[in-house]
Amino acid sequence: MNDKILAHFAEQAMYCEMFGSPFTAQLIQRFSEDYERGGPIAALLNDWNTNPRADALALRLAGYFHAAVLANRAPELTAHYPSNLANWSIEDIWPLALALLERELNTAAQFIRSAPQTNETRRSIALLAAFLTFADTWKGEVDMLEIGASAGLNLNWDLFTYKTKSWAWGAEGPVQIDTDWTGPAPPLADINVRHRAACDLNPLDIGDPAQLLQLKSYIWPDQPERLARFDGAVALAREAGVQVERADAAEWLTQKLAQRATDAATIVYHSVFLQYPPREARTAIIDAITSAGGRATEKAPLAWVRLEPEALTDNLRDSPRMVIDITTWPGEHRKIIGYTDGHVRAVYAV
């Protein structure tokens, strides 16, 4: 038995509860109990010898069960899942889930080989606040470059509908983004997006039903608003023909920034991405941006927008917060817009 797996399950269950998914928390607790007693979960994870926390192992397992439900491979389990039954009970669900796992042990083993990948559209409201801050002073055209873009759902951020208690932005559309906003509202400027491009080391293709299923499976099934945002963002991305290039972020950025237009602003942005590349790759990404910043002009400014852990951006190792910030060139001016969490449930603007 691997004590690191049990510790990871306990920690992840706590975070799921904290982030508003009691179902996923209870499901992971059942993973832990079955693993301890040597059941099918233990058989599935018998050879797992890498870091379960770094691997997000619990979320891989939860994603497997949700994918099976979304594909309706076990109709009785599907009927009892939170996405289909408001008064769900883990007591009813777990025996059905365990029976599915016993039938599909090889399928489950194949599924959990892939790292979880999400495209959390709610993060776009944090990014938008930084974009609006930039647009308050820059009235020209803008070219957008997103790195770590996953399936590219947040490329269409300017087509989403944003509403908080204190401010709103955007026309009515299929993707409704809200959050608990505290502090000053961003300037409600217009943004003239001319071009947009994106890259990811392993982009998921929403045109492929299997990859779309995988992407959706990592959304917690007792959070219908997240599922609805995902479906709306997928519809927009398909309509717009969104494409994400398969590329190393540092190499891609170096090329794109070397060729960037001299008659428009360029915004480089990313969200909950920079913590994942190895240190050397992260340094190369930052160097590519700051080097391009040194070449920026008043007619072609550069902005770098981030939604990343404060532990990384400001070296505050014990901070659980995400920082929303923007750095602009020429001049290299950094402004912190506010703080939030990974799901952007609330924003504390400064």
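Per-structure values
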item	result
Size descriptor, Kirkwood hydrodynamic radius, that averages inverse alpha-carbon separations across the chain, Å	21.4 Å
Degrees separating the helix 224-240 axis from the principal Cα axis of the chain, which is the longest one	50 degrees
Neighbour-limited loop hits for trypsin sites (Lys or Arg not before Pro), the range 270-350 (at most 16 other Cβ within 10 Å; DSSP other than H, G, I, E, B)	ARG295, LYS299, ARG317, ARG345
Charge sum, other residues only, whose C-beta stays under 13 Å from ALA189's C-beta, Lys/Arg counted +1 and Asp/Glu -1	-2
Viscosity 0.890 mPa s, temperature 25 °C, Stokes-Einstein D of the range 291-333 from Kirkwood C-alpha radius, µm²/s	216 µm²/s
Cα gyration tensor shape of the range 252-347, rounded if a/c is under 1.5, else prolate or oblate by comparing a/b with b/c	prolate
LYS335-THR107 pseudo-label distance in nm [points 7 Å out on the Cα-to-Cβ vector]	5.2 nm
Sites ASP314 and LEU188, calculated FRET efficiency, Cβ-Cβ separation with R0 22 Å, nearest 0.05	0.20
Cut-off 13 Å between beta-carbons: net charge of the residues surrounding TRP167, Lys and Arg +1, Asp and Glu -1	0
Where only alpha carbons of the range 3-111 are counted, the Rg and the Dmax (Å)	13.1, 37
Estimated 222 nm signal from helices in the chain, with DSSP H stretches of n ≥ 4 weighted -39500 (n - 2.57), rounded to 500	-12500 deg cm²/dmol
Net +/- balance of residues flanking TYR35 in space, Cβ distance below 12 Å, scoring K and R +1, D and E -1	-1
Alpha carbon centroid spacing (whole Å) that separates the range 48-66 from the range 142-215	27 Å
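Each reported figure results from applying straightforward, stated rules to the coordinates on display, with no laboratory input. What you see is a predicted model; the values in this text were computed from it and never measured. When we count neighbours, we look across all protein chains shown, and the Cβ atoms used for this are built from the backbone with ideal geometry, even at glycine.
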